[in-house]
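Accompanying notes for the structure given below.
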Amino acid sequence: MAEQDQTPVFQIQRVYLKDLSLEQPNSPQILLEQEQPQVEINLGIEAQPVAEGIFEVAVVATVHTKIQDKTLFLVEAKEAGIFEIRNIPEEQVNPIIGIACPQIVYPYLRAVVADAITRAGFPPVHLAEVNFQAMYEAQQAQAQAQANGGGSPIITSA
């Protein structure tokens, strides 16, 4: 029975829309503009423990579309998932939280953002695919560089 208690567990408990905001502060006047808008997209990942072996991982997107210096629309969305992660070696937990969990949540976020923008009366903005492994590795390299006194990260080859 003790062996069963040590079985590695990685399960999705729930995926949900945690936050969604859409603003059109300069409507309706800006809707008459004929210029092509500039689109700025920012992505982030948030993670926090909820209980023993249970984590909430959220992917946050901000889409800010402007014509010159005036906002056409601003969408902020946070899609989250609750994940059970148990009996997995400690050195593997952070990569699961930083890579696997966001990969599961992100397609939902992409759909929510495109849908919200379409419902606001604009052509959808489709968020690009994201390589969460590369994003995670870059964050780890940056953290390592800061730990080494702000110098460039130490690169080792296998």
Computed over the range 13-117, Kirkwood Rh from alpha-carbon pairs, angstrom: 15.3
Under 1.5 on a/c is rounded, so check that first for the range 91-146, then, if it is not, pick prolate when a/b is larger than b/c and oblate when it is not; a ≥ b ≥ c are the square roots of the alpha carbon gyration tensor eigenvalues. prolate
Express in nm, to one decimal, how much length is gained between residue 62 and residue 96 on full extension, taking 0.36 nm for each residue of separation and deducting their alpha carbon distance. 9.9 nm
On a 0 to 90° scale, report how tilted helix 132-147 is relative to the longest principal axis of the chain, with both axes built from alpha carbons and the result rounded to the nearest 10. 70
Whole-Hz ³J(HN,Hα) from phi, Karplus 6.51 cos²θ - 1.76 cosθ + 1.60, for the range 60-67, glycine and proline x: 10, 10, 10, 10, 10, 10, 10, 10
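Only four residue types carry charge here, +1 at the Cβ of Lys and Arg and -1 at the Cβ of Asp and Glu. Report the dipole size of the chain about the Cα centre in Debye, rounded to the nearest 20. Walk me through the numbers on the way to the answer.
Values: 8 positive and 19 negative charges, 68 e Å.
Using Cβ point charges on Lys, Arg, Asp and Glu, the chain gives about 320 debye.
Normalised by the number of residues in the chain, what is the relative contact order in percent for Cα pairs under 8 Å and 6+ residues apart?
Values: 248 pairs, mean separation 35.4, N = 158.
So the answer I get is 22 percent.
Can you compute the FRET efficiency between residue 126 and residue 10 using 1/(1 + (r/R0)^6), with r the Cβ-Cβ distance and R0 = 25 Å? Round to the nearest 0.05.
Details: r = 29 Å, r/R0 = 1.14.
It comes to 0.30.
Multiply the residue separation of residue 50 and residue 144 by 0.36 nm, subtract the distance between their alpha-carbon atoms, and state the gained length in nm to one decimal. Intermediate values should be presented prior to the final figure.
Values: separation 94, 0.36 × 94 = 33.84 nm, distance 2.67 nm.
Going from the current span to full extension adds 31.2 nm.
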The residues 21, 27, sorted from fewest to most surrounding Cβ atoms within 10 Å, come out as 21, 27
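Each reported figure results from applying straightforward, stated rules to the coordinates on display, with no laboratory input. Computed from a predicted structure; not experimentally measured. Cβ coordinates were reconstructed from backbone atoms using ideal geometry, including for glycine residues, and neighbour counts include every protein chain displayed.
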